[in-house]
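Please read the structure below before turning to the comments.
Nothing in this text is a laboratory measurement; each read-out follows from the coordinates by a stated rule. Every value quoted in this text rests on a predicted model; they were computed, and no experiment measured them. As a convention, Cβ positions derive from the backbone with ideal geometry for all residues, glycine included, and neighbour counts pool all protein chains shown.
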Amino acid sequence: ALAGKVALVTGSTSGIGLGIARALAAAGADIVLNGLGVASEIDQTREQLAAEFGIKASYSPADMTRPKSIAEMIAATIAQSGRLDILVNNAGIQHVAPLDQFPVEKWDQILAINLTSAFHTTRLALPAMRRNGFGRIINIASAHGLVGSPFKAAYVAAKHGIVGLTKVTALETAEEGITCNAVCPGYVYTPLVEAQIDGQAKAHGVSRDQVIRDVLLVQQPNKRFATVEELGALTVFLATEAAASITGIALPVDGGWTAH
Ligand code: NAD
């Protein structure tokens, strides 16, 4: 469904971003990967995507805290392929601390990666999307873009911010064949979460199932993690013609968390 389209996914060297990149590649889009990691492993991912799905896959090491690197990444993408159809703003980090002890440099870093980087990618991608009269901007926010939790001041502020940016982007592009939507996952099963399950089970001397139900998924009524495959499939759908009228939404993928 996405053959001939070019998709850039920030933070796609692991977790949700990688799952989204795989799903977009499986749907036929050429992929620009981005994120931190070991060069040889990233190269392997890139080659595997290209071989498995018969698409072009490239990689930008741009650091999402650096506006100049972001500008170079978008310029290189458009120079290489002549287009940028699908932009997925996914790169993100977390830090947990009470407000009066929240490290100031962590606040700045989280706002830069989780929010400001999407402002830069979006403003720089729009001219190329407008030239083609087509664009899909998908912002990976969070349930924390809709509700708060203690000790996550920077993350919750940044994720609420990206939901706001999503609405403005949607309104400014509404007549141009461009849509912009936010996806708001609850807990998603990634290697990061897997590591927490074993760690917490050992620390508290309880079973993995107890950690999942009573610690990690305490807020998530369906008591199961969303998967990166589910988020990939949703992103592909939002990128297709079938989703042309869906714009400016913040769609929870949270097993009922924000229905509380
Ligand atoms: P992850 O740690 O597996 O992946 C994060 C990605 O961002 C990696 O590719 C990493 O290299 C990249 N990244 C980090 N700092 C960067 C920087 N300065 N420049 C460029 N890339 C950078 O995490 P994940 O769980 O896959 O999270 C992806 C997104 O989904 C984040 O925005 C996160 O807030 C959001 N999210 C995750 C969950 C969850 O349960 N895992 C839930 C809701 C929202």
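Scanning the stretch 76-86 finds one or more residues that are crowded, with 23+ Cβ neighbours inside 10 Å and part of a helix (DSSP H, G or I).
Considering every residue within the stretch 122-129, establish whether at least one is more than 15 Å from the ligand (Cβ to nearest atom), over 27 Å from ASP100 (Cα atoms), free of Cβ contacts under 8 Å to residues at least 24 places away in the same chain and under 18 Å from the mean Cα position of the chain (by Cα). Yes; the residues of the stretch 122-129 include at least one that is more than 15 Å from the ligand (Cβ to nearest atom), over 27 Å from ASP100 (Cα atoms), free of Cβ contacts under 8 Å to residues at least 24 places away in the same chain and under 18 Å from the mean Cα position of the chain (by Cα). Of all residues in the stretch 1-55, those satisfying the criterion of being away from the ligand (no atom under 15 Å from the Cβ), part of a helix (DSSP H, G or I) and among the charged types (D, E, K, R) are GLU47, GLU52. Give me the residue from the stretch 98-116 that is in contact with a helix residue (DSSP H, G or I) (Cβ under 6 Å, 6 or more places away or on another chain) and within 19 Å of ALA71 (Cβ to Cβ) and, out of that set, nearest to the ligand (Cβ to nearest atom). Selected residue: ASN114.
Restricting attention to the stretch 220-260, the residues that are closer than 20 Å to ALA29 by Cβ and either in a loop (DSSP other than H, G, I, E, B) or in contact with a Leu (Cβ under 9 Å, 6 or more places away or on another chain) (or both) add up to 11. Is it true that some residue in the stretch 206-221 is in contact (Cβ under 8 Å) with a residue 24 or more places away in the chain, more than 18 Å from TYR155 (Cβ to Cβ), more than 12 Å from the ligand (Cβ to nearest atom) and surrounded by 12 or more Cβ atoms within 10 Å (Cβ to Cβ)? Yes, that holds for at least one residue.
Mind checking whether some residue in the stretch 26-43 is surrounded by fewer than 19 Cβ atoms within 10 Å (Cβ to Cβ) and of a type in the set (S, T, N, Q)? Yes - at least one qualifying residue is present in the stretch 26-43.
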